[in-house]
Amino acid sequence: MHLRISLRSVSKALSTASDATTKIPLATATKELASFLRDGGSNITVLTGAGASTDSAIPDYRGENGTYTLNPDYKPVFFQAFVASDEARHRYWARSFLGFPPIMTTEPNPTHYALAALQLPAPVQGPTLNVDNKSKVQGSSKSGYIRNFITQNVDGLHQKAGARNVIELHGTLHQVKCMTCGHEEDRSDFQQVLADLNPEWNDLLQSQSTSRLYTRMNADGDVELKTPEQQQHHQQEHSSMDKRLDYRTFQYPTCSCCGTGHYKPSVVFFGENIPPATKESTSQAILESNGLLVIGSSLATFSAFRLVQLAKQTGIPIALINLGQSRGDALADLRYDENSSLLLKAVAHELGLGDIPGTIKRRKRVMNVVGS
């Protein structure tokens, strides 16, 4: 049995000091990583964490501006509470209602596009990559470098960039599923259901006045709501006459299929079991690969760290790109304390894949839900 559990501080889990702060020149790192990919024989598995999406303005958990860094007291909604508590579901769906729109509209960054290019035998063409290159993939004699992706992220940005064979270790935000009968709905359709049930909240969302209701957005697409007292303080400071809203007033529907069950986002909550099929497929991907490339993950969740341990035990070479300390530093054969977008763009150029699309969007300390 594997639960999604997480260490708030990676450094506390390390018995010795990490060498993560040793900076390797970008040119050297580029040539080393290009050789690592060439040696993989088109059979590299890539494992990505929240750091792969920070250049799309989605915050991470443990980086300089991460959720746990800025708010050490932050507590996500745990699986057991969501299942058992009506109040916990009110809280989650209110937060998710405000936090989902930017996830839905966020674009991949150069890290996602570079990885898609490294998987496909043709240069990346931008957002329509997956459609435009179908014939090229089938008709080309050249193979790419990456076989499989395993991602801890729930944002769907790898697929949006055109990557294939993506295993979502912690599920996806883009669907919801009834906990009673298993009925699934698209999350964007469910967003409209929530909007119809909560017109006052939707009015705020549409008027871009939501910033007074939350302090920041988190990597899993929810926001940290202010209490009614904090909202009142905001009103006093900004002379706002908007109505204060309490998450306990936020309404959510029962299942449209069975009529009694409650929907849950199709993500693996903290404290929830990783599905057995996912656990098996990720392990198999590691065992069948010729190399593991870890990008943007502190590996604080055991569900991801165990895969790096498995690669090490199997004798598979490991390369790791992460800004700051990682739980897997001592296991990596190659370790780069570098921005993944900059390094992977350089590697793609070194391997003759041309220019990589996508822009780097720096996130704000407090993120506007609409128009961010």
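Quick look at the numbers
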| item | result |
| --- | --- |
| Selected residue (criterion: farthest from Leu47 (Cα to Cα)) from residues of the range 160-169 that are surrounded by fewer than 20 Cβ atoms within 10 Å (Cβ to Cβ) and of a type outside the set (A, V, I, L, M, F, W, C) | Lys160 |
| Leading residue by the ranking (surrounded by the most Cβ atoms within 10 Å (Cβ to Cβ)) among those in the range 170-198 that are part of a loop (DSSP other than H, G, I, E, B) and either within 21 Å of the chain's Cα centre (by Cα) or hydrophobic (A, V, I, L, M, F, W, C) (or both) | His170 |
| Pair list, Cβ < 9 Å and 6+ apart or interchain, from the range 269-292 residues that are of a type in the set (Phe, Trp, Tyr) to residues that are modelled with pLDDT of 95 or more and exposed (fewer than 14 other Cβ atoms within 10 Å of the Cβ) | Phe269/Gln80 |
| Some residue of the range 285-293 being part of a helix (DSSP H, G or I) and either among the aromatic types (Phe, Trp, Tyr) or surrounded by fewer than 20 Cβ atoms within 10 Å (Cβ to Cβ) (or both) | yes |
| Residues within the range 142-187 that are in contact with an Asp or Glu (Cβ under 7 Å, 6 or more places away or on another chain) and basic (Lys, Arg), tallied | 1 |
| Any hit, the range 19-31, residues being of a type in the set (Gly, Ala, Ser) and modelled with pLDDT of 50 or more | yes |
| Pairs where the first residue, in the range 325-339, is aromatic (Phe, Trp, Tyr) and the second is surrounded by 19 or more Cβ atoms within 10 Å (Cβ to Cβ) and not in a helix (DSSP H, G or I), C-beta under 8 Å, 6+ apart | Tyr336/Ala319; Tyr336/Leu320; Tyr336/Ile321; Tyr336/Asn322 |
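Results for (1) among the aliphatic types (A, V, I, L, M); (2) surrounded by fewer than 22 Cβ atoms within 10 Å (Cβ to Cβ); (3) part of a loop (DSSP other than H, G, I, E, B); (4) not assigned by TED's automatic domain parsing to the domain that holds Leu157, shown as yes or no for each residue.
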site	(1), (2), (3), (4)
Leu299	yes, no, yes, no
Ala304	yes, no, no, no
Gln309	no, yes, no, no
Leu323	yes, yes, yes, no
Ser341	no, no, no, no
Ala348	yes, no, no, no
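The values are calculated or read from the model by the stated rules, or taken from the named source; none is laboratory data. Being a predicted model, the structure only gives us computed values, none of them experimental. Glycine also receives a Cβ, built like all others from the backbone with ideal geometry; neighbour counts cover every protein chain displayed.
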